[in-house]
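Peer 1: Could you have a look at this structure, given as structure tokens, before my questions?
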């Protein structure tokens, strides 16, 4: 009986049984989840732009995830850690659409946009967040721009 209760508790409180981000009050990073129907040219452009902006994204503790309706994920581990259909449902993503969602360290949605990403706007939104302001006050950016 104790073993059953232990297994039930582990399953119930497992982080993979909850949506992304975690149900905790503070997340270790900010996230952008890019939802798309398939691994198409918009996804490839988004991934390219994350590489171009890599230093600024790392400086802002921002990780980028891609999830498509047909099961493609970047990074690959996302499909093993999360129920992809549930992610689409949790973030109310319209089937067939390209939708990106910025999630703050508090776990709340901060910004939502379509297929093209305005990285300057994303960085401005992040830099206005209270946690980010504290981060900027305590450490210098390693990025040149």
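Peer 1: Given region 25-138 reduced to its alpha-carbon atoms as identical point scatterers, what log10 I(q)/I(0) does the Debye formula return at q = 0.09, 0.18 Å⁻¹?
Peer 2: Summing over Cα pairs of region 25-138 leads to -0.22, -0.90.
Peer 1: Let me ask you something else. Given 5 Å bins starting at zero, what is the percent of C-alpha pairs of region 84-145 in each, up to the one with the largest pair distance?
Peer 2: Over region 84-145, the share of Cα pairs per 5 Å bin runs 4, 14, 22, 21, 16, 12, 7, 5, 0 percent.
Peer 1: Further, regarding this structure: I need the calculated FRET efficiency for the pair residue 52 and residue 141, taking r as the beta carbon distance and R₀ as 22 Å, to the nearest 0.05.
Peer 2: Once rounded, the FRET efficiency stands at 0.85.
Peer 1: Could I ask something else about it? Separation between the residue 119 and residue 40 pseudo-spin-labels, each 7 Å from Cα along Cα→Cβ, expressed in nm?
Peer 2: 2.3 nm
Read-outs throughout are calculated quantities, based only on the coordinates presented, and are distinct from any laboratory measurement. Remember, it's a predicted structure, so these values are computed and weren't measured experimentally. Backbone-built Cβ (ideal geometry, glycine too); neighbour counts: all protein chains shown.
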